[in-house]
Structure formats: structure tokens, C-alpha cells
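Notes for the one structure printed next.
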Amino acid sequence: MQFSGNLLILEQDENKRQALETIFKFLGLSCQSGSIDDCLSYFEANDSSVDICILSGSVELSAEQLMDKHPNTAFLIYDSKDRDFTGHTNFMGCISDTPDYDEIVSVLHYCQSFKTMRNYSHKSGQGAAQLIKMLVGQGPAITTVRRLIEQVAKTDANVLILGESGTGKEVVARAIHTLSGRSAKPFVPVNCGAIPGDLLESELFGHEKGAFTGAFSAHEGRFEMAEGGTLFLDEIGDMPLQMQVKLLRVLQERRFERVGSNKEIKADVRIVAATHQNLEKMVEEGTFREDLYYRLNVFPIETPALRDRTDDIPLLVQELVNRFAKDRKVSIRFTQAAMLQLMQGEWKGNVRELGNLVERLLILHPNEIVDIRDLPPKYRGENNCDDPLAERQALLDSFSTDDMNDLSSNSDGLGAMEIIEDDSRPIKLPPLPVIEGEEDMARAFSPSLSPEGVNLKDMVSNIEISMIRQALSQSNGVVAKASEILGLRRTTLVEKMKKYGISVQN
């Protein structure tokens, strides 16, 4: 992965300094290093241009004072195992004495996210570093979410989190709690859609012994469990109407009663609700109370779908690999082609789906490099070969009109094209006609079907093999030039060559 920015290295040991400089230059950063005095002078004169500062534990400087003096610079502490700077907004983490690739990439992601947040606002508080690590990403969508969390966390306002399933609504809720003044108290989640309506009241408010059949003892509800903290009402749109009325009363009066009791209990609880449903539409349809909607919708936060922040996928994948690797003691790498393929996916399950895929690949390919061919079929971008129309369209899209004209420039045509099937029996296709436009091009790849039938998948594969070999021959084995001839991306052509076992020599 490539990064950008200006890096300042404060390290006394010249060998360590050069080693760090080599690593970070390789990753795309512009490095400033030298004697400590020279580096500090440069830092003073170019404060705004230093994006990241690596401070060695061997340097006799006050890290706290340096961080406070340069609040817009992300700091990394090198070879420091016994010092904790989590109270500083711009402290992004520590680098061990012998850092590995995953460790370096992770802290650089945090640093660049910090830079992105600073570009949006210079008012980030003490929770900026925590937010960056909880909500990974550098794009404007996730940066906006982090800024909204920072703004609302310090208040007691009700928050409504909207977004598709799998976009991290509970992560946002936990981040709000973590950055709030209630962080020392409990965070209590409850899924309103997973609890039957007749049990939800008891689950939320608790019940007394004998309140109903089966109530053999008193039960503490979620409101009591969350006293002084945060109650997260997930899938609030699935809450029955009769419970919506009771919840509204609690939000208004901040008091409730256990089922089977007439004793009021004070509710000092911050409410954060979430749903994947359109509550405004539900209000119009009469399935969600309008007064409850406005009571919850004091401060809405919308979590973006993964398809709307595809540039964050490499960062998310790396973060997920690191998290799973800690438990499984294995890791994986992705080729550039595989990562680009993941960035083109639909991701209907969003980040949750991405996490499931990463975990599956860690199990299937421990400590290996994952390429496109190693991805499950769903994520390879392969067309449905059982659909002849889709297969033919994919074939036509692979070649440009100009390429077809070049192949058919002979007024007599090319003659019959020989395609070798798996059983080595040649199939003769009709001569290609002269192609003058898109309709003629489509007809050129629409041979007559014999009474015996034909294996469309194999036919298309053999056409691809023939065209790829011809393009490689015309380009003298230069894959980049061959990809231009075929109208394909270079990575797509390389994957097809791997698929068919074609090398530049054959």
C-alpha cells in the first residue's frame, strides 16, 4: 500500500534512523531526518507541513510537551513499551523495535485518518485517536460520521443512528458512549427485533416476582442495568406500537415502573437508537409513532454503505486482518489485483460481509498471498456462464471495434477460425465477415448453431485464448501492449492468462 505525507524522524541512533527512513520512503512518505537539533529546527519552521512525527524513546525530549506544541501533527512513539500517551489527541500509537508490515501499515492508516480529520476541522477533541481506531477510514463519509460523534458524545442528547444492516451502527453507538461523560458506566445493548413483543416490556423495565406466569423471581430490566450509562436500542423500527407508547413516556418523564409494581424508578440513562428502516415512511404508514420518532431523532447520524466508501476497503481489510490475526496467530496478504476486485464489489452486507470474507480467507489461506483466483466466486466478478446472453456480452465488451476491423481487414475475410475443444476436436466456425459497425460486430460472434449443439462456455473460452495469444504475438510478449490491443485492463488480462495457463512464451 502507498501512503503520502511528510514524515519527521527524531532518532539518535543513525542506523535505526536510516532503517526507519528506508521503510517509510518505500511506503511513499517523504522523510526528513538528521541530527535532533536540525530536526527540531525544521519542525519549528515547518510545523504545518509535518504530517507525522516518529519520536524515539531514546531521545531526551518531553513527548507530552512536543505533542502539545504541535497538535496538528500525528505522533508515533518508537521503541517505547512503558509509556502511555492515550490522553493526547494526536498520539496514534507505538512502533515496536522490530515492527512488521501489518503494524506499520495500521499506524500509518491511523495517522492519515488523523490528517483527514484535521483537514475537515481543527477542533477534534481528546477522543479523536479513539474514533480513528474504532471507525477505520479516510473518506469524507466516515470522517463526517466521526465529527458528528465528537460533537454529540459530550452531550446527553438522544441519538438516532440510521443505515443499512452491517454498516457498523452499534460501533457508532459504542463510540458515542466511550467518548461521553458516561463512559465509566454501563453500555447496555438490546435488540428490539429479537425479543417477542410480549416479553419486551419485561426485558426493558424488569418485573416483580409473580407479576406473570413464570415470574419466579424479580428481574432487573435493561433500563436499570444501564443506570448512569447508555442504553442502545437496536432495530427500534421493529418495536411494537404498544411498547412505543410506554417507551415514549419513559423518555418524557425519565421514570418507569417494573411490570407488576407501582413503584416508580428514576431513569438516568442516555438513549441511542438505531434502525435500518425508513422511520419517516413508517410514520406516514402509521406503523411508528410520530411523537416517538421526533423524541429519538434529536441528533441523527447516518452510517454510509460500504459501496459508497470503496476507497476505504483496503484500510478496512488491513484492520480486519490485524484483528483476526491476533486470535488466530496467522495473517494474509492481498495482491493489488485482488484488492481492486474487492473494491468493485456490491457489498450488500457492508462491513459485516467484508469481515466475514476476511475471516474465511484467513481460514482457507493462512499466511498466504490472496489473489483474485483465491476469492470465492461471488467476489471474483465472474459472469454467469450459464447465461449465453451475458457471456456473449462479456465477450463483446472485451474487444474494441477497431480490433475487430483489424482482424477482418482482408476483403475475403479470415477464412474459418479453428478452435480447439478440451477433447482436442477442432470446431469450425463460419468465416468472420467484414465488420463496419456494432451490429456487424455482434453478428460476427453469433455463429450458426449446429443440430448437435455446442458448449458455449468452452467456445467462448477458446475464442479468448486465441485472441490473447494473437495479441501477445503482435505485441512481442509485452502484456501492457497486448492489453491495449484487446481493450482490457492489464490486471484483467493477467488474470485471464493465469486462468488459461498462457505465458508470454507460448
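Data table
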{"item": "For region 1-107, convex hull volume per residue from C-alpha positions, Å³", "result": "94"}
{"item": "Over 29 Å (Cα to Cα) - which of Lys25/Lys115; Lys133/Lys496; Lys185/Lys329; Lys25/Lys169; Lys16/Lys498; Lys115/Lys378 fall in this group", "result": "Lys133/Lys496; Lys185/Lys329; Lys25/Lys169; Lys16/Lys498; Lys115/Lys378"}
{"item": "For Gly93, residues with placed amide H under 5 Å, excluding near neighbours", "result": "Ile77"}
{"item": "Accessible surface, region 280-351, averaged per residue in Å² (probe 1.4 Å)", "result": "53"}
{"item": "Under-5 Å amide H pairs with Ala218, H placed in peptide plane, nonlocal only", "result": "Lys209"}
{"item": "Rg to Rh, two decimals, where region 124-181 supplies the alpha carbon set and Rh follows Kirkwood", "result": "0.92"}
{"item": "Equivalent ellipsoid semi-axes - Cα gyration tensor, region 260-318, angstrom", "result": "34, 19, 10"}
{"item": "Fully extended contour minus Cα-Cα distance, from Lys481 to Ile36, at 0.36 nm per residue", "result": "155.3 nm"}
{"item": "Amide proton proximity set for Gly5, modelled H, under 5 Å, gap of 5+", "result": "Ser30"}
{"item": "Residues of region 1-101: accessible area per residue with a 1.4 Å probe, Å²", "result": "49"}
{"item": "Dimensionless Rg ratio for region 254-367, taking C-alpha atoms and the 2.2 N^0.38 Å reference", "result": "1.61"}
{"item": "Region 93-236: equivalent-ellipsoid semi-axes (sqrt of 5 x gyration tensor eigenvalues, Cα, Å)", "result": "38, 16, 14"}
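The values are calculated or read from the model by the stated rules, or taken from the named source; none is laboratory data. Computed from a prediction, not measured in an experiment: that's the story for all the values here. In case anyone asks, the SASA skips ligands and DNA or RNA and just uses the protein heavy atoms, side chains included. Shrake-Rupley method; radii C 1.70, N 1.55, O 1.52, S 1.80 Å.
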